[in-house]
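The structure appears right after this line, and notes come after that.
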Amino acid sequence: MIAFSGLLFDLDGTLLDTAPDFVTSINSLLSRHKRAHLDFDLIRNRVSDGSASLLELAFNVTPIDLNFDTLQNELLTLYLEHLGDNTKIFPHIDQILTECDQRALPWGVVTNKPWMYTERLLKRLNLINRARCVICSDHVKKPKPHPESLQLGSMHLNVKIDECIYIGDHSRDILAAKNAKMRSIVAAWGYINKHEDISCWNADWIALTPKKLFNLLFKELEY
């Protein structure tokens with residue numbers, strides 16, 4: 001027997017490496033506006049913060065600026081065009097999902113990414129029918145760090161909150177888990193700024209790589 005009955009994963013930077021498509025989209029938008037391209041890692045570290053953060057990085061704009069909505073619409077249109085071009089499942093993540101399937105352990109996705117993008121990616125990578133649930137920002141009234149999406153995910157897994165573990169690469173993910181009274185694991189391979197002290201997030205565990213996550217889930221947590 002293992003010490004949990006279900007797993008919930010964040011999407012960008014945890015389950016999937018979506019950064020390459022965002023890099024393409026942001027740099028295409030910069031080219032359109034005759035601006036210099038940004039370094040891959042600069043963009044990668046902002047992906048989990050969403051489109052507003054990416055636009056702040058690339059154009060020094062915030063939602064209160066007059067041109068923000070126009071730029072955001074342009075970015076999201078470009079992202080939709082490039083969606084899935086170079087997105088991949090992180091190495092060894094599929095091993096974790098396969099182990100869950102073999103053990104009949106339900107798993108799902110809880111993300112602040114809208115359904116229209118999430119569904120296409122999961123279909124393209126043949127994950128949509130394997131996940132017991134996929135909860136997106138437009139499925140709830142309040143996205144993470146509010147606990148609603150994790151509570152909904154746990155309900156769809158038919159697993160009690162305290163028997164479920166949430167895995168994510170952003171402080172918002174860990175806070176959402178705490179707010180839901182769910183245990184959490186930091187996906188330290190994700191889109192985390194190198195200066196960020198992830199120990200301050202106070203997650204239950206930190207997994208440096210997906211391979212270490214596998215060992216944590218299916219070896220260290222066994223009893």
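The values are calculated or read from the model by the stated rules, or taken from the named source; none is laboratory data. A quick note: this is a predicted structure, and the numbers were derived from the prediction, not measured. Note that we place each Cβ from the backbone using ideal geometry, even for glycine, and neighbour counts take in every protein chain shown.
Residues in the stretch 168-223 that are under 18 Å from Gly6 (Cα atoms) and among the aromatic types (Phe, Trp, Tyr): how many?
Residues flagged as under 18 Å from Gly6 (Cα atoms) and among the aromatic types (Phe, Trp, Tyr) within the stretch 168-223 amount to 4.
For the stretch 179-206, name all the residues that are of a type in the set (D, E, K, R) and either within 22 Å of Asp41 (Cβ to Cβ) or buried (at least 18 other Cβ atoms within 10 Å of the Cβ) (or both).
Within the stretch 179-206, Arg183, Lys194, Glu196, Asp197 meet the criteria.
Going through the stretch 36-58 one residue at a time, which ones are of a type in the set (D, E, K, R) and either surrounded by fewer than 16 Cβ atoms within 10 Å (Cβ to Cβ) or farther than 19 Å from Asp169 by Cα (or both)?
Asp39, Asp41, Glu56
Report, ordered by the first and then the second residue, all pairs with beta carbons closer than 8 Å, sequence separation of six or more or different chains, a first member in the stretch 65-81 that is free of Cβ contacts under 8 Å to residues at least 24 places away in the same chain, and a second member that is part of a helix (DSSP H, G or I) and surrounded by fewer than 17 Cβ atoms within 10 Å (Cβ to Cβ).
That search, which allows pairs on different chains as well, returns Phe68/Ala52; Gln72/Ala52.
If the Cβ limit is 6 Å and pairs must be 6+ apart or interchain, which residue in the stretch 160-181 that is assigned by TED's automatic domain parsing to the domain that holds Thr111 pairs with which residue that is surrounded by 24 or more Cβ atoms within 10 Å (Cβ to Cβ) and modelled with pLDDT under 95?
Hits for this filter: Asp169/Ser48; His170/Ser48.
With respect to Leu127, is the statement that it is at pLDDT 95 or above, buried (at least 18 other Cβ atoms within 10 Å of the Cβ), out of contact with any Pro (no Cβ under 6 Å at 6 or more places or on another chain) and under 17 Å from Ala19 (Cα atoms) true?
no
Can you confirm whether Leu127 is in contact (Cβ under 8 Å) with a residue 24 or more places away in the chain and aliphatic (A, V, I, L, M)?
Yes; evaluated as a whole, the condition is true for this residue.
Quick check on the stretch 8-15. Is at least one of its residues in contact with a strand residue (DSSP E or B) (Cβ under 9 Å, 6 or more places away or on another chain), on the phi > 0 side of the Ramachandran plot and not in a helix (DSSP H, G or I)?
yes
Residue check, Gly50 against (1) in contact (Cβ under 8 Å) with a residue 24 or more places away in the chain; (2) in contact with a helix residue (DSSP H, G or I) (Cβ under 7 Å, 6 or more places away or on another chain); (3) not assigned by TED's automatic domain parsing to the domain that holds Asp204, all met but one. Which one?
(2)
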